[in-house]
Structure formats: structure tokens, C-alpha cells
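The values are calculated or read from the model by the stated rules, or taken from the named source; none is laboratory data. Note that this is a predicted model, so its numbers are computed, not measured. Virtual Cβ from ideal backbone geometry, glycine too; neighbours counted across all protein chains shown. The accessibility values were calculated without ligands, DNA or RNA, using every heavy atom of the protein model including side chains. Shrake-Rupley method; radii C 1.70, N 1.55, O 1.52, S 1.80 Å.
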Amino acid sequence: MPVEDHDLAQIVIETVGALVVVLDREARIQRWNAACEHATGYERDEVLGRPFWFLVPPEERAGVEAGFSRLVARDFPNRNTNHWVTKDGARRLVAWSNTALLDERGEVRVVIATGLDLSEQIRAEEALRRQATRLEALAEASRVFASGLDYKTTLDTVARRLSELIGDGALIRVVSPDSAWLVPVAVYHPDPERAALRRRGIQQAPQRTNEGMTARVLQGRRTLRIPHLTLDVVHGEMKPEYWPYLEGVTSLMMAPLEHRRHVFGHITLMRDAGGAPYTSDDEALLDDLAHRAAQAIENARLYGEAQAAVAARDEFLSIASHELRTPLTALRLALENMRRVASRDALERLPAQYVERVLATAERQGQRLEKLVSGLLDVSRIHMGRLELDFEEVELGEAVQEALGAVEDEAAQSGSEIRVTGSPARGFWDRLRVSQVVTNLLANAVKYGAGKAVEVEFGPRADRAFLAVRDHGIGIDPSDQRQIFERFERAVSSRNYGGLGLGLYIVKRIVEAHGGTIAVESKPGEGSTFRVELPQRPSVSVDREQDPART
């Protein structure tokens, strides 16, 4: 049985992939195919007989009505593009091809509109554009991040570029050397007043690494995005000191700074009120940028440390050459004097004190050379992990007495009186190395003690022995107290104070090799106190001695 034309048309309308809607002269919907149902979410029964305008956004209705009026006036076929508002409130862009069917009088009976939904295509094009923009931003950011190796400049550049690419405010904090605190190293905001306000707030409210949202980011190693930052979130996650800092912030993202599986800080981005919430695209971009920024920041830090190490090494070599040259020159002059009077007749004419004085000078300078070379050898052994310890039972007071004899001349020349108080303390240590620790600490106190008294105290404490060496000299600035125990580092100018500057480095490594600790308490102008604690039986064996450069 043949298929009627009407049925054929209905089959075509329902199966075609395009949107097909048929309207009467009053723009009421007469037919509504399955593609229209799928695109809008409206079932056929919900739309039949309703004016077409309910689907059109208010701002586009006038233009669509004008186009429909032209169709009714027999201006067809024609084309137009407009949005449809779906049942769930979304918008879909549709390109229409419109025509009409006439009645027997030649009047428009119905308008037939066939549409292509461009929404997916547009979304795909927008996604491609966003991806291209993102890749371009990443490439440009990588170039900018890598353009300099100065640590502070790199941090400021990273903060500024993140603000420009994603917005609005940017904060970078790194973990302190003791892993307890977050140290703010860069703050940026397009508004200088906002930047200054945030900088003050951060400085006044230091944060620990295990507090608030930051702890989740550092420990979880994942970016945190809060699209809508409310007061409830701020009050629940942040301590009160930070509430003014986050005032006016409506969206927030925080990404860890990780390099070689080590998280050393984080980046926080804050969107101000009036701006759009951070999106998943923003989060993906921040993830990539944070990874690149971490590499750039770490490279800049390592480069800075390498430059500082090279400068310190060069200074050390200069100091070492000067320190070695001085006793060598004195020793050479003493030997030349002895050569001039080497004959028996010349010796008989010279007073005995002269020969004794020359020999004493040669011996003293030889001992000074031996001490300098010994210090250099100790540094080499420590660096190579070959500091050997010979454990035996030692009384700490005996090591102190040996050290007093070693620095007796230096103390007399400086005018420093050394006062010793203590009680017996025994342990299994390397006798020579413990004596070296005391000697170096005493020599350091005499050198920087400004001619004032040096106090030594020692004795037992639980299952440990303690030693304290206190001077009343120039003291050490807090910013220099960590570096004085490192190789090639000095807290004072080598022009004013001689020596290789390796004494405290050697002391620290010897103490640590025994399983002990050393600490300093000092204020500029008020002197310094070095405190050593040694276990009676070392917990660190020679076989497990580590290379300090790797720890």
C-alpha cells in the first residue's frame, strides 16, 4: 500500500538531524520534531500551540519578530541566526533556513524553519581558541620565567605574570628551612594599594605549614580551587589575622610549588569582588604555570646559591693564601737569619737569646702552618665523608685543660682571661677530636671576645655531657648565626679578623659525628655563647658517617 505524502513528510521531519519547526501565521508552533525536543528539553506536548517567542531571549525578540513578519509578507526564503533558551535556561545558537507554504489564495499558510544547532561547534571552536591561548600563555610564561636567574626578580616576575594571565592578586610563599613556617617572598596586585595592604597583612600574621587550607595543598600536592569564597569558608579555614587580608576576595585558587617531588611552597591567586569565579580552565592553567614557575624559581635559587658558594670559595682561597703566606714568610726569614749565622765563629759572637728567639719564631710559625694545613685536611675529610673517629673513654675536663694550653698564647696576647668551672663528665669519644672542639671554640671566643673574659663551663646532664663557651665580645647578628657553621662562611670581615673561618664548621661536624648538637646564642655587642651536648655513647658510628654536603 503506497505511503501518503503527508506521512512521508512526517517521517522526514522526525528522522532528519536538523531542527524542524512549523509555525502558523501567528507564530504558534504547529510541528516540533525530535531534534527540537533533544535540543531544548521541551516535549512536543509542551510547545504545540504556544507562540514561538518564549524560546527567544528578550534582547533578540524584536529582530526575530521582524524576520517573521517578512516571511508572512512572502519575503522568503531567508536566513537568520538567533539563540534559543532551553528548558534548563541554557542558550543554544541556531542557524535557520526559512520558507513558507501558501494557501489557495496565495497567502502564507505556515512558516517552515529548518535549523542547524551551532552550539557544539561554537563550543569546540571556543575550546580550541582557549587551548591555543593557554598554550601561547604557557610558552610566553616559560620564556619570561626563564629569562632571568636572579631569585628575587624571578619571584616577582612569576607573581606578576600569574596575575596578568589569570588575575587578580598573586601571593608566593616558600617553606622555611626548618619546614615550620611559610615565608612570603612575592606579593602582587594590579592595584598598588591592595598589594601594600596584603603585604602588611602577610607580614603581621605569619602562618605555619600545618595550618588551614595551605596545609591541605602542601600535603596533598594538589591545586585547591574555591570558586565562591564566602565568609563562612574564610572564618572556618583561616585564622582571624587573615580575615582582613581576604576581605573583598570572592574566589581563590592555591597551587603547590613542587620540583623533583619536593614541595617547597605555594602560589595563591585571589579574584576580587565583581570578577568571575575561577573556573576549571583557570585551574588547569594554574597547574601548568605552577609547575613551570616551580622549576624557574628552583633554578634561580640554585643558581644564586652556586654563585654565592663560588664567591665564598674565592674569598676563602684568598684568605687561605694570605694566612698561609704569613707564617711561611716568617719561617723563611728565620731560616735565612740562621743561615747567616750558621758558622761556629758567628754563633759564638751572638748572644744565646738571639739564637733561641729565632728558633722559637721558626717553631711557632711551623706550628701555625701545621694548624692551618690540619684544618684544611679536616675540611677535605669531612666533605668526603672520611672523618675517622677513635672512640675511647674520655674525661671532658681533661680535654678542656688540653685546649687551655693550646690557646694560652693567644689569650695572653688578646688580654682575655679564661675562667673555667665544671664537674667531671665522662663519655666514649674521640679524645683528639673533642679536644679540637674545645680548642676551636676557645680560640674563637678569644679572637672575637674583645679582650674581655671568656667563661667555660662543663659537666654531666642526664645521659649527656655539656660544654658552654661564653665570650663578651662583638657578638653575632641573628641573620648570620646559621651560616657561621658552614664552609667558606664568615660573619665578619677577614680584613679585621684573621684565620680561615673553618673552625666552627669543623666543630659542628665533629660534634654531629659523635651524635651531639651545637647551638649559639648571641646578640650584636653582647657576646656569644656556644653550647655543645655530647651523648655519653655516640649514636652515630663511623661507618655511617655521612657526607655533610649531601645532608
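Could you tell me which residue of the stretch 86-106 is surrounded by the fewest Cβ atoms within 10 Å (Cβ to Cβ), considering only residues that are in contact (Cβ under 8 Å) with a residue 40 or more places away in the chain and either assigned to a loop (DSSP other than H, G, I, E, B) or among the hydrophobic types (A, V, I, L, M, F, W, C) (or both)?
Within the stretch 86-106, the first condition is being in contact (Cβ under 8 Å) with a residue 40 or more places away in the chain, and the residues that meet it are 86-88, 92, 94.
So of that shortlist, the ones also either assigned to a loop (DSSP other than H, G, I, E, B) or among the hydrophobic types (A, V, I, L, M, F, W, C) (or both) come out as 86-88, 94.
Values: THR86: 15, LYS87: 12, ASP88: 7, VAL94: 24.
The extreme case among them is ASP88.
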request  = Return the pairs, sorted by first residue and then second, in which the second residue is open to solvent by less than 60 Å² (accessible area, probe 1.4 Å) and in a helix (DSSP H, G or I), the first residue lies in the stretch 189-200 and is closer than 15 Å to ARG271 by Cβ, the beta carbons are less than 7 Å apart, and the residues are 6+ apart or on different chains.
outcome  = HIS189/SER163; HIS189/ALA195; HIS189/ARG198; PRO190/SER163
remark   = Selection over the stretch 435-459 where residues are open to solvent by 60 Å² or more (accessible area, probe 1.4 Å), touching a residue at least 40 places away in the same chain (Cβ under 8 Å) and not in a loop (DSSP other than H, G, I, E, B) yields a count of 1
key: Which numbered condition VAL446 misses (of (1) closer than 28 Å to GLU395 by Cβ; (2) out of contact with any helix residue (DSSP H, G or I) (no Cβ under 6 Å at 6 or more places or on another chain); (3) modelled with pLDDT of 80 or more)   = (2)
message = So, in the stretch 377-434, how many residues would count as being surrounded by fewer than 19 Cβ atoms within 10 Å (Cβ to Cβ), in a loop (DSSP other than H, G, I, E, B) and modelled with pLDDT of 85 or more?
response = 4
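Residue under question is PHE68, and the condition is that it be of a type in the set (A, V, I, L, M, F, W, C), under 28 Å from ILE122 (Cα atoms), in a helix (DSSP H, G or I) and open to solvent by less than 40 Å² (accessible area, probe 1.4 Å); does it hold?
Yes; evaluated as a whole, the condition is true for this residue.
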